[in-house]
Amino acid sequence: MLVLNCSTKLLTLEKMLKSHFPESLKVYGAVMNINRGNPFQKEVVLDSWPDFKAVITRRQREADTDNLDHYTNAYAVFYKDVRAYQQLLEDGDVINWDQVFQIQGLQSELYAVSKTVANAKLLDLDIKLASFKAVHFNPVSSVPDHNFLNGPSPRLTYLSVSDADLLNRTWSRGGNHQCLQYIAKLIACFPSVCVRDEKGNPVSWGITDQFATMCHGYTLPDHRRKGYSRLVALTLARKLQSRGFPSQGNVLDDNTASINLLKSVHAEFLPCRFHRLILTPAAFSRQAQL
């Protein structure tokens, strides 16, 4: 195991990961954020350098952590050789198995390898796997048309931390204290876009996560079918692209409305899928469900 701390090497790694798109996108986004201020206090772990076969981004060991916060306790994974990834997991210093955490990546063996290593370590873990269609937005060359937003409201703007409670209540993954704190941090650190009504309240929005992924795109039910979701998605994609980030996202297979929206803006559905594992030690299983 090697922790890559050198800023020059981290910039080199960022360039190297580009040659392994799309499978490396999650790690690439995390490394980009590390190289641009590192607001989530992440670090990079590899099997070797520079000829690495597996790379994991994780929370820095010295950072404050909440053992129930799988949103922040998140690992992104990319490997050229799945055996090298398994060896990293087997190393006792790479993963903190004593807290609730998640593993994200765009490679299909993540669940099987995690399960194998957990069993070998005799760990009592609940491992939940979710799999999504992975998407990438093509370059948005011009500012999306928002002339249909007539007058001072509704207006296109960005989110503020004070909006975190609304996003927490409307996110299928939310509804708890850890998610509320996580969303507030995302809003404070990364690009977001929203449409606000005449009272200044968000009615449609999209945010960016710690892996530079577009997420929690949502429009309140009373404000759907007005073109807001399309406007928000394209504006956020363009904002990310203007900063050099890939505009990536994911969608559930049965989310027909979002899939149709993505098709209408000519987003590319990637050949690989996005996989997210949430791993919960038995000691935390009841608390994690509260």
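The values are calculated or read from the model by the stated rules, or taken from the named source; none is laboratory data. It should be emphasised that the depicted structure is a prediction, and the values quoted were computed from it without experimental measurement. Methodologically, a virtual Cβ is constructed for each residue, glycine included, from the backbone with ideal geometry; neighbour enumeration extends over all protein chains shown. Heads up: the accessible areas ignore ligands, DNA and RNA and are worked out on the full protein's heavy atoms, side chains in. Shrake-Rupley method; radii C 1.70, N 1.55, O 1.52, S 1.80 Å.
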How many Å² of accessible area per residue for the chain, probe 1.4 Å?
47 Å²
Report relative contact order for region 139-265 in percent, whole number only (criteria: Cα-Cα under 8 Å, sequence separation at least 6).
23 percent
Would any residue of region 185-223 have its amide N under 12 Å from a label point 7 Å out along Cα→Cβ of ASN38? List them or say none.
none
Helix-only mean residue ellipticity at 222 nm, the chain, DSSP H runs n ≥ 4 weighted -39,500 (n - 2.57), per residue, nearest 500. What is it?
-9000 deg cm²/dmol
Expressed in angstrom, Rg and Dmax over the Cα atoms of the chain are 19.1, 62
Under a GNM of the chain (C-alpha, springs under 10 Å), which listed residue has the highest mean-square fluctuation: LEU180, LEU279, LEU220?
LEU220
Show the residues, 5+ positions off or on another chain, whose built amide H is closer than 5 Å to the amide H of CYS215.
ILE207, THR208, ASP209
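State to the nearest 20 debye the size of the charge dipole of the chain about its Cα centre, where the only charges are +1 on K and R beta carbons and -1 on D and E beta carbons.
In debye, rounded to 20, the chain gives about 800.
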In percent, what relative contact order does the chain have, based on Cα pairs under 8 Å that are 6 or more apart in sequence?
23 percent
Could you compute the FRET efficiency for GLN87 and THR256, with r as their C-beta to C-beta distance and R0 at 45 Å, rounded to 0.05?
0.65
Where nothing but the Cβ of Lys and Arg (+1) and of Asp and Glu (-1) is charged, how large is the charge dipole of region 139-265 around its Cα centre, in debye to the nearest 20?
200 debye
Find how much the distance from ARG61 to ASP124 grows on full extension, using 0.36 nm per residue of separation minus their present alpha carbon separation; answer in nm with one decimal.
20.4 nm
Could you give me the ³J(HN,Hα) list for region 210-224, computed from phi with Karplus coefficients 6.51, -1.76, 1.60 and θ = phi - 60°, whole Hz, x at Gly and Pro?
5, 9, 6, 9, 6, 9, 6, x, 8, 10, 4, x, 6, 10, 7
Carbon plus sulfur fraction of accessible area for the chain, probe 1.4 Å, in percent:
48 percent
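At R0 = 25 Å, how high is the FRET efficiency between CYS272 and LYS9 if r is their beta carbon distance? Nearest 0.05 is fine. Don't skip to the end; give the middle numbers.
Details: r = 26 Å, r/R0 = 1.05.
Here the calculated transfer efficiency is 0.40.
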Springs between alpha-carbon atoms under 10 Å, Gaussian network over the chain: tell me which of ALA164, ALA54, ALA63 tops the mean-square fluctuations.
ALA63
Choose one answer from PHE101, PHE274, PHE148: the residue with the largest mean-square fluctuation in a GNM of the chain with alpha-carbon springs under 10 Å.
PHE148
